[in-house]
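A.B. asks: My questions will all concern the structure given below.
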């Protein structure tokens, strides 16, 4: 209703004589609303702060326009005011219950993160499961629970959670973690596919390439493994830390070992 009212109101406004500045403002609002609509096709607009701000601003502008003009876009005649009161009460009740439920979910989610970050994986998994009872369709939470299961050798459970997570949380780490779980189950083709997906999204990632090279070694695809290891050594990330140095060092050692093995065979 808001979208239809917005564009109908906009057409009425554009028929009038507008100044150049007003035309710029209306064009901005049109573009921002299109951005909101496009984002709404893939994710909840209220989950991303800038998009939520655009939507709120556009709604506020629409409300102001409707108050400023006597032309009504929507006419509602409700003689029995108690219907409105009940509807408002039920809506308010729904908002309150929903807020309480989400608050409980985020509490257990945060508690689970604290446990996982301190190495208490199983306690963290239990808290994630409690959080999932209150936030059943939260893709990011499903990812965190799936990742914790993956790193505690519950690969089958992890893959199911990560598959569900991808329905509304399309992130490189989901593909990396699922690939890691597939590799644990020796499902190398599926693991390679997910690693490639993550690397297509972010080509300079080092850890997925290292894991991918190990998959190639297990499949005796030595040339492919050497190629990935050379790529790791060649990439120069913008941020150099101990993790990056350790990955590069491990890649160098593994590459030297493979090259020595190949030369010994020849």
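A.B. asks: Looking only at residues that are part of a helix (DSSP H, G or I) and touching a residue at least 24 places away in the same chain (Cβ under 8 Å) in the stretch 217-242, which one is surrounded by the fewest Cβ atoms within 10 Å (Cβ to Cβ)?
C.D. replies: 218
A.B. asks: So which pairs qualify, if the first residue must be in the stretch 250-266 and on the phi > 0 side of the Ramachandran plot and surrounded by 13 or more Cβ atoms within 10 Å (Cβ to Cβ), the second must be part of a helix (DSSP H, G or I) and modelled with pLDDT under 90, the Cβ gap must be under 6 Å, and the two must be at least 6 apart or on different chains?
C.D. replies: Final answer for the pair search is none.
A.B. asks: Still on this structure: If you go through the stretch 193-201 one residue at a time, do you hit one that is without any contact (Cβ under 8 Å) to a residue 40 or more places away in the chain and assigned to a loop (DSSP other than H, G, I, E, B)?
C.D. replies: Within the stretch 193-201, none of the residues are without any contact (Cβ under 8 Å) to a residue 40 or more places away in the chain and assigned to a loop (DSSP other than H, G, I, E, B).
A.B. asks: Still on this structure: So, of the residues in the stretch 125-143 that are in a loop (DSSP other than H, G, I, E, B) and more than 14 Å from the chain's Cα centre (by Cα), which turns out to be nearest to residue 185 (Cα to Cα)?
C.D. replies: Among those residues, the one meeting the criterion is 136.
A.B. asks: Which number in (1) in a helix (DSSP H, G or I); (2) in contact (Cβ under 8 Å) with a residue 12 or more places away in the chain; (3) closer than 19 Å to residue 178 by Cβ marks the one condition that residue 157 misses?
C.D. replies: (2)
A.B. asks: Among the candidates 185, 166, single out the residue that is over 20 Å from the mean Cα position of the chain (by Cα) and within 21 Å of residue 207 (Cβ to Cβ).
C.D. replies: Exactly one residue qualifies, and that residue is 185.
A.B. asks: Within the stretch 110-117, identify whether any single residue is over 21 Å from the mean Cα position of the chain (by Cα) and modelled with pLDDT of 80 or more, and answer yes or no.
C.D. replies: Looking for residues that are over 21 Å from the mean Cα position of the chain (by Cα) and modelled with pLDDT of 80 or more, one finds at least one in the stretch 110-117, hence yes.
A.B. asks: I would also like to ask the following. In this structure, does residue 174 turn out to be in contact (Cβ under 8 Å) with a residue 24 or more places away in the chain and either under 25 Å from residue 160 (Cβ atoms) or loosely packed, with under 13 Cβ neighbours inside 10 Å (or both)?
C.D. replies: So residue 174 fits the description; yes.
A.B. asks: Is it the case that residue 146 is part of a helix (DSSP H, G or I) and buried (at least 23 other Cβ atoms within 10 Å of the Cβ)?
C.D. replies: So residue 146 fits the description; yes.
A.B. asks: Of the numbered conditions (1) in a helix (DSSP H, G or I); (2) under 30 Å from residue 139 (Cβ atoms); (3) touching a helix residue (DSSP H, G or I) at 6+ places or on another chain (Cβ under 8 Å), residue 189 fails exactly one; give the number of that condition.
C.D. replies: That leaves (3) as the condition not met.
The values are calculated or read from the model by the stated rules, or taken from the named source; none is laboratory data. The shown structure was predicted, so the numbers you read here are calculated from the model rather than taken from an experiment. Here the Cβ is made from the backbone with ideal geometry for all residues, glycine too, and neighbour counts use every protein chain on show.
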